[in-house]
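All remarks here apply to the structure that follows.
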Amino acid sequence: MAKPLNEFGGWLTLFRISNLLGAALLSAAIVFLSMATMMHLNLKLLLESFLIIAESSLTLYFIVKILRALKIKEKETPGKIIGYLKYSFIATVIFSAIEITLNMASHAWIWTGDDMSSLRLTIQAGIYFVIWSGYFKNSRRVAAYYAPAPETAAQVAQAPAPQPAPSSPLDPG
């Protein structure tokens, strides 16, 4: 039985799980690359490792921001998540461009398999951004889950009644 639309479930659950897995894998990759980098004295490998660690750390930062935002039931939350997805994608494009440029510069400006790997990661990040940003913009579940809670009768009864404005500044009553 499907959960009601105003509850966390469906594709939102898949999004959360994929981000949790991504955070775990990126954390492990950052630790592994950091340890492996300490063993290399080759400047090119150090620079490539530094770029990968920096990109992974930035992506991990955005994943953590997304996971925190998923918990906040506010109307602005889907827009914030789309923003984090967009910034993560832009960071991926920038880091991939830097990696491709450095790789081509070290190979006499010849396109290599490493360049294709960076390009493939950028395309994957773009597809991820398009799919999930579209979901957060158009999903009925997202709209229902992050919609502001309707005011209860008790809240309305406790609110002070609005005072009517005078009809003219000269009219005292």
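What follows is calculated from the coordinates using simple rules that are stated; it is not laboratory data. Predicted model only: the values in this text are computed from it and were never measured. Don't worry about glycine lacking a Cβ; one is built from the backbone with ideal geometry, like all the others, and counts go over all protein chains shown.
Quick look at the values:
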| quantity | calculated |
| --- | --- |
| Every residue from the range 78-100 that is under 16 Å from LEU119 (Cβ atoms) and surrounded by 19 or more Cβ atoms within 10 Å (Cβ to Cβ) | PHE89, THR92, PHE95, SER96, GLU99, ILE100 |
| Residue list for the range 71-99, restricted to those being in a helix (DSSP H, G or I), of a type outside the set (S, T, N, Q) and in contact (Cβ under 8 Å) with a residue 60 or more places away in the chain | PRO78 |
| Filtered residue count, the range 5-46, keeping only those that are in contact (Cβ under 8 Å) with a residue 40 or more places away in the chain and either surrounded by 14 or more Cβ atoms within 10 Å (Cβ to Cβ) or not aliphatic (A, V, I, L, M) (or both) | 14 |
| The lone exception for ALA69 - which of (1) surrounded by fewer than 16 Cβ atoms within 10 Å (Cβ to Cβ); (2) within 17 Å of TYR145 (Cβ to Cβ) it fails | (1) |
| From the options LEU45, LEU21, LEU12, residue that is within 19 Å of PHE89 (Cβ to Cβ) and among the hydrophobic types (A, V, I, L, M, F, W, C) | LEU21 |
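Conditions tested, residue by residue: (1) within 19 Å of ILE17 (Cα to Cα); (2) under 16 Å from the mean Cα position of the chain (by Cα); (3) not charged (D, E, K, R).
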{"position": "MET35", "(1), (2), (3)": "no, no, yes"}
{"position": "LEU43", "(1), (2), (3)": "no, no, yes"}
{"position": "ILE52", "(1), (2), (3)": "no, no, yes"}
{"position": "LEU60", "(1), (2), (3)": "yes, yes, yes"}
{"position": "VAL64", "(1), (2), (3)": "yes, yes, yes"}
{"position": "ALA69", "(1), (2), (3)": "yes, yes, yes"}
{"position": "PRO78", "(1), (2), (3)": "yes, yes, yes"}
{"position": "ALA91", "(1), (2), (3)": "no, yes, yes"}
{"position": "SER96", "(1), (2), (3)": "no, no, yes"}
